[in-house]
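These notes are about the structure you will find just below.
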Amino acid sequence: MSPVTGESRGSVTFTLEGARQGFLAGLPIALGVASYGLVFGILAREAGLSVAEATLMSATVLAGAAQLIAVEVWADAATVPVAAVVSTTLLVNLRYLLLGAALRPWFAKLSRRAAYGSVFFTADENWALTMGRFTDAGDGRVPGAYLLGSGLAIWTCWVAATIVGAVAGDAIGEPARYGLDVVFLGVFVAIAVDLWDGTDDLVPWVTAFVVALATAATVPGHWYVLTGAVAGCSVGIVDVDVDDDANASATEVDR
């Protein structure tokens, strides 16, 4: 993990204060993440993982959706080859390529230690928080350590909840009894609401939704995660290019 220093390059800083801001902002969402970390711990034990193995997985992987899918597949390890587990989780996690690309305009201004040390703690939830914070930095001073701070909040709660779920799973019983099976969906709905930036987002969002549904209905596996994300991003990029061209043309006319 990269040390949090007073490093500053251009308008992007990397400081303890930025990490603190991120940590405090990430705590409410981290508590929500903890609820399905609890579910992961229970499912991991049911799949045959020890408490130590489940904890190590959460501490080093930090990918809720992929981990939940992996232990579900792992439960059928007698009939499902290890390659299937690896390929499935890889496919689900390919979305991090897109998340990382979105962070590049800011992280390219940081050192490699700061940038790579931070992106390890990237999760869907704190990525959304960070993007909102970065794009709303009206004073031009972007706290580059925000992702690290919010990620540490999520990582801490995720690992702690995994341990509790793995240790006390038998006492907790079926997660659905407490509504924990829908928390995952609830968190992502909250993220979507926070990311919504007006009607300009409607076309790429609808495109991603339709493509993901169509892929899920026609292609086995979890390809819908990638196809929906790529389709939505592609439409968004085209829309931005069209707007830039229109603005450039308007500027030329004014001249």
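Simple spin-label estimate for Ser87 and Asp170 gives 3.7 nm between the two label positions (7 Å along the Cα-to-Cβ direction from each Cα). Considering every alpha-carbon pair of the stretch 22-65, the percent of pairs per 5 Å bin, from zero through the bin containing the longest distance, is 5, 21, 28, 24, 12, 7, 2, 0. The stretch between Ser11 and Ala108, if pulled fully straight at 0.36 nm per residue, gains 33.8 nm over its current Cα-Cα span. Solvent-accessible area of Asp124, all protein chains in place: 20 Å² (probe radius 1.4 Å, heavy atoms, ligands and nucleic acids excluded). Across the accessible surface of the stretch 84-155, with the other protein chains kept in place and a 1.4 Å probe, carbon and sulfur atoms take up 62 percent. Near the amide H of Val12, within less than 5 Å, lie the amide hydrogens of Val142, all on another chain or at least 5 residues away, with H placed in the peptide plane.
What is the sum of charges, Lys and Arg at +1 and Asp and Glu at -1, for the other residues whose Cβ falls under 12 Å from the Cβ of Leu103? Display every interim value, and only then the final one.
On the way: positive: Arg104, Lys109, Arg133; negative: none.
Overall, the nearby charge balance is +3.
The phi-based Karplus calculation (6.51 cos²θ - 1.76 cosθ + 1.60; θ = phi - 60°) puts the 3J(HN,Hα) values of the stretch 142-152 at 9, x, x, 7, 4, 4, 4, x, 5, x, 5 Hz, whole numbers, x for Gly and Pro. Annotation for Glu53 and Trp223: the two label points, set 7 Å from Cα along the Cα-Cβ direction, are 3.1 nm apart.
The values are calculated or read from the model by the stated rules, or taken from the named source; none is laboratory data. Computed from a predicted structure; not experimentally measured. Counting neighbours? That spans all protein chains shown, and the Cβs are built from the backbone with ideal geometry, glycine included. Quick note on the areas: whole protein, heavy atoms, side chains included, nothing else; ligands and nucleic acids left out. Shrake-Rupley method; radii C 1.70, N 1.55, O 1.52, S 1.80 Å.
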